[in-house]
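Below you'll find the structure, written out as structure tokens, and then a few comments.
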Amino acid sequence: MSLRFEAAIAARGFDVALHLEDGETLAVLGPNGAGKSTLLAVVAGLLRPDTGRAEMDGRILFGFGPPTTAWTAPHRRGTALLAQEPLLFPHLSALENVAFGPRSAGVPKRAAREAARRWLAEVHAEDLAARRPGELSGGQAQRVAVARALAVNPDVLLLDEPMAALDIHAAPLLRRLLKRILAGRRAIIVTHDVLDAYMLADRVIVMEDGRITEEGPTREVLRRPRSSFAAGLAGLNLVTGSVTAAGIRTAEGLEFAGQHDAPLAPGEAGVAAFPPSAVSVFLTEAHGSPRNAFWVTISDLEPHGDQIRIRAGELSADVTPAASADLGLAPGMAVYFVVKAAAVSIYPA
């Protein structure tokens, strides 16, 4: 049981071949214009390739060139696409939005609504059933969109940067929800966020200029990058250690508190992952909500997009140029790195 895919589109410089096994989640990483969304569009049947062939569980999705030419319509492919924006029908309630897919497949109205209620409960949105999209926050609307995608029981779930339009509070909640929902489910997720790959994917492909430049198990690719884009992702803070009740403890005795969904046994090897953008920098010890605070010495400062990346040994933080100037940051200076526990993801090593 698998998805086998190969397709080429000359005008876009797109030429990709991949496979997806049953129960596997594949993350697709790459810069803008790499062809990530094109890949999802071809799988979903929204875009025809010039050549290629795709089969899912023995069913032909498309075939162009010898020996056969075939094209399965999008609504008959067994795929569901979840985009950056929820794209809910504005005139329908959350319940009716989720029931739309089963109703379109011929499920009786009452049964479709019962299924919709089950899926809304699955994404912790049952209390939103009567609301229309205009009455939902971004995070709430995206949870309803997840329920709508799953209500059609897709053979493969396609996610196109589902966290991109969410704020810093809603994105971690949806990420943890997707981690639970995608367990044992076949899915392809396009993302710019390396944390999505670490938390959600079994395997990663890196795309550049319409082609796959690197692929393999998630941790292997992102710990030992070989492509230029994957190397650029190495800025994610990764801290290894032993699992504790609160998070992990490093070999040096540092304690990192964080979040994890899967049961972890105290003492087993674990990894704490958090982006440099989640790290705040202080000149004195910070107080307030529960967070991790570490006294570090700045080793280097370097431009990073429109931010300044502050490196302190193996840890890094991103701040604005104005913040760097206000704090008077410079190599050799001692500062506090602070990151909230909610921004730290803990998983087995």
Worksheet item: For G52, are the conditions met, namely being out of contact with any Leu (no Cβ under 8 Å at 6 or more places or on another chain) and within 29 Å of H192 (Cβ to Cβ)?
Response: yes
Discussion item. I want to confirm something. Restricting to the range 56-69 and keeping residues that are farther than 18 Å from E21 by Cβ and surrounded by 13 or more Cβ atoms within 10 Å (Cβ to Cβ), which single residue is farthest from the chain's Cα centre (by Cα)?
Written reply: F64
Worksheet, complete the sentence: Of the residues in the range 23-55, those that are part of a loop (DSSP other than H, G, I, E, B) and hydrophobic (A, V, I, L, M, F, W, C) number 3
Fill in: Count of residues meeting criterion [assigned to a loop (DSSP other than H, G, I, E, B) and under 20 Å from A151 (Cβ atoms)] in the range 64-83
4
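Listed here are the residues, each with its yes/no results for (1) more than 18 Å from A44 (Cα to Cα); (2) at pLDDT 90 or above; (3) in contact with a helix residue (DSSP H, G or I) (Cβ under 9 Å, 6 or more places away or on another chain).
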position: R132; (1), (2), (3): yes, yes, yes
position: V146; (1), (2), (3): no, yes, yes
position: A151; (1), (2), (3): no, yes, yes
position: P162; (1), (2), (3): no, no, yes
position: L173; (1), (2), (3): yes, no, yes
position: L233; (1), (2), (3): yes, no, yes
Discussion item. For the range 242-266: of the residues being in contact with a helix residue (DSSP H, G or I) (Cβ under 8 Å, 6 or more places away or on another chain) and in a strand (DSSP E or B), which is nearest to K340 (Cα to Cα)?
Written reply: A257
Fill in: Residues (surrounded by 10 or more Cβ atoms within 10 Å (Cβ to Cβ), at pLDDT below 85 and in a loop (DSSP other than H, G, I, E, B)) located in the range 269-309
P275, A286
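The values are calculated or read from the model by the stated rules, or taken from the named source; none is laboratory data. Just so it is clear, the structure is predicted and the values come from calculations on it, not from any experiment. All Cβ positions, even for glycine, are placed from backbone atoms using ideal geometry, and neighbour counts span all protein chains on display.
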